[in-house]
Amino acid sequence: MRVSIVHISLLLAVVTACHKPHYIQEHNSRHYAVGKEAKTDSSYIQFLAPYKQRMDSTMQIVIGYADTTLTKAQPECTLGNFIADAMLQAAKRSNSSVVAAVANQGGIRLPYINAGKITIGKMYELMPFDNALTIVEVPGNILVQWCHHMAAMKGWPVSGIRYEIKDGKATAITIGGKNVAENETYLIATNDYLATGGDKCSFLTSLKATPVNLFIRDILIDYVKQLNKANQPLHPYIEKRVRYAE
Amino acid sequence: MLNRRSFLKKTSLGAGLIATGAFPYESLAGEKEKKLTILHTNDVHSRLDPFPMDGGRLAGLGGVAARGALISQIRGECDNILLLDAGDMLQGTPYFNMYKGEPEIKAMSMMGYDACTMGNHDFDAGIEGFARLLPYAKFPALVANYDFTDTPLENKIAPYTIIKKGGIKLGIFGLGIELEGLVSGAAYGNTKYNDPIQVAKTVSDRLKKGEKCDMVICLSHLGYEYETNKISDKTIAKETEYIDLIIGGHTHTFLDQPAIARNASGKETVINQVGWGGVRLGRLDYVFGRQQDARLQNSQSVNINKETSG
């Protein structure tokens with residue numbers, strides 16, 4: 001028996017002395033579509049309730065309606081045109097010399113908005129960032145560079161600008177229906193994220209930029225409200241503002 | 001009282017092992033194969049509620065109440081669960097605009113997350129904003145390639161963590177994407193971005209060889225892959241030697257099955273990503289044993305069960 005105890009001690013020493021390596025023998029994978037089965041855990045619903053209640057009281061307010069499904073796509077899309085048009089309209093109110101607006105594709109944060117009522121909350125989902133409208137003074141050569149950048153990124157939303165994409169570069173660029181004049185300076189509305197070099201727009205940072213004290217999101221809310229006041233639905237069109245060269 | 005005969009048999013086996021210094025696979029009592037289940041999310045973007053029932057393709061999917069129920073159910077079925085998130089937990093619904101991430105992080109703590117990394121949008125309330133959320137997180141936020149010196153996150157974000165689950169030693173580290181040109185300078189402040197490839201090499205080497213982790217997991221917010229030479233999960237897999245699994249994010253990629261890359265030592269590195277919005281929960285089941293390089297011998301036996309698509 002004494003020998004056995006010694007053996008046990010030795011065995012324990014070996015087992016506990018250090019972490020003995022384990023190696024992966026095999027692995028399998030799967031994934032679950034969360035919420036596809038109706039099971040939910042009510043403790044989370046209870047936990048969320050106070051947050052949700054306060055949020056919904058603001059966010060579920062209906063501000064207008066869409067009579068078509070708006071989608072996010074490239075090179076041009078209806079969600080993008082809605083955003084760029086609303087930005088241009090708001091900027092023009094601040095300075096009537098603004099000729100165009102540019103938004104970034106990555107700033108569109110919903111894949112779609114279905115036809116039907118539009119709530120304030122939906123605009124928060126579409127544009128959750130607290131980015132503000134900014135008017136940038138863009139020389140013609142920088143505008144061309146910007147369009148090349150947009151083309152390399154497979155097309156960004158624009159209003160008042162048109163371009164074609166060919167081999168990852170912009171061609172047939174027009175602004176206000178005219179060709180870009182290299183020595184002219186254009187007032188272009190964008191968001192402060194891009195104006196300060198976001199989404200690789202470092203070429204904008206040295207330009208003169210005038211901030212407009214409006215969040216892009218509030219501009220979108222206002223745009224939908226105005227349409228609703230005029231009994232009009234939100235219905236942006238694809239207009240070949242941005243297209244692939246043939 | 002143990003039967004003396006089997007008792008002696010076991011103990012002399014132990015002594016025999018000491019003599020030879022060898023551990024035959026599954027020969028010792030309690031040396032059965034060990035199992036680990038890894039559950040993961042990425043780019044949940046403040047989706048605490050399910051997507052609204054608007055007839056769209058994501059309608060009714062996601063939400064913490066459904067995810068929490070699913071995770072609890074899986075916890076009931078499996079012993080060793082590791083729950084991970086690859087960043088961009090924040091920003092995308094009015095919850096974040098109103099509460100700056102508090103309910104998102106609290107819900108993750110309720111679900112028992114083990115670790116997360118930081119995505120670019122986790123800077124959207126500023127570095128201070130993220131620092132304010134850390135007391136709600138019962139799990140570490142890991143980023144190895146951001147230097148937070150002289151920021152409110154200094155000494156609050158660890159490069160890696162080591163977790164033991166059911167006798168398996170897991171080394172987990174985080175990698176963040178380049179912030180310049182992506183996140184506004186005001187939001188990331190003095191945060192310095194270091195080359196994720198070099199950092200991944202150093203940290204994975206330390207976890208595997210220094211810390212002797214059985215498995216090295218990288219939580220990455222670099223993105224799955226790019227057409228340009230921008231650093232991605234595929235780059236990290238290819239350039240490093242000791243990462244077993246990369247849980248990725250940023251590109252919102254729905255991988256129907258994990259990608260398997262050949263790493264710098266010729267072994268396999270698994271990469272997975274589950275889209276965005278919390279509409280999908282990823283699951284990887286691992287079996288551990290004593291046989292070294294089993295995967296190389298059995299690499300064809302990897303069994304992928306496609307379940308449902310988000």
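Bear in mind these aren't lab numbers, they're just calculated from the coordinates by the rules spelled out. Keep in mind it's a predicted model, so treat the numbers as computed, not measured. Note that we place each Cβ from the backbone using ideal geometry, even for glycine, and neighbour counts take in every protein chain shown.
Please say if segment B:42-99 is rounded, prolate or oblate, where rounded means a/c under 1.5 for a ≥ b ≥ c the square roots of the C-alpha gyration tensor eigenvalues, and otherwise the choice is prolate for a/b larger than b/c and oblate otherwise?
It comes out oblate by the Cα gyration axes.
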For chain A, what does the helix formula give at 222 nm: sum of -39500 (n - 2.57) over DSSP H segments with n ≥ 4, over the residue count, nearest 500 deg cm²/dmol?
-11500 deg cm²/dmol
Within 10 Å of the Cβ of an average residue in B:183-189, the count of other chain Cβ atoms is 2
Expressed in nm to one decimal, what extension gain is obtained for the pair residue A:202 and residue A:49 from 0.36 nm per residue of sequence separation less their Cα-Cα distance?
50.8 nm
Could you work out the mean count of beta carbons from other protein chains within 10 Å of each residue's beta carbon in B:159-168?
1
At what distance in nm do the modelled label points of residue B:110 and residue B:72 sit from each other, each positioned 7 Å from its Cα along Cα→Cβ?
1.0 nm
Once Lys and Arg are counted +1 and Asp and Glu -1 for all other residues with Cβ under 15 Å from that of residue A:225, the total becomes +2
Here the whole-number average of other chain Cβ atoms within 10 Å per Cβ of B:276-286 is 4
Normalised by the empirical 2.2 N^0.38 Å for globular proteins, what value does the Cα Rg of the protein assembly as shown take?
1.12
Can you give the Kirkwood hydrodynamic radius for segment B:131-269, in Å, rounded to one decimal and based on Cα pairs?
15.7 Å
Taking R0 as 22 Å, what FRET efficiency do you get between residue B:292 and residue B:164 from their Cβ-Cβ distance, rounded to the nearest 0.05?
0.65
Set A:36/B:156; A:178/A:208; B:156/B:208; A:36/B:32 screened for pairs whose C-alpha atoms are more than 28 Å apart
A:36/B:156; A:36/B:32
Taking only the alpha-carbon positions of segment A:58-236 and ignoring solvent, what does the Debye formula give for the base-10 log of I(q)/I(0) at q = 0.15, 0.18, 0.20 Å⁻¹?
-0.81, -1.15, -1.38
Residue A:37-residue A:245 pseudo-label distance in nm [points 7 Å out on the Cα-to-Cβ vector]:
5.5 nm
Simple spin-label estimate for residue A:74/residue B:155, 7 Å along Cα→Cβ, in nm, reads 4.4 nm
Note down the net charge around residue A:132, summing +1 for each Lys or Arg and -1 for each Asp or Glu among other residues with Cβ under 12 Å from its Cβ.
-2
How are the Cα pair distances of segment B:35-289 distributed, in percent, across 5 Å bins from 0?
1, 6, 14, 19, 21, 17, 12, 6, 2, 0, 0
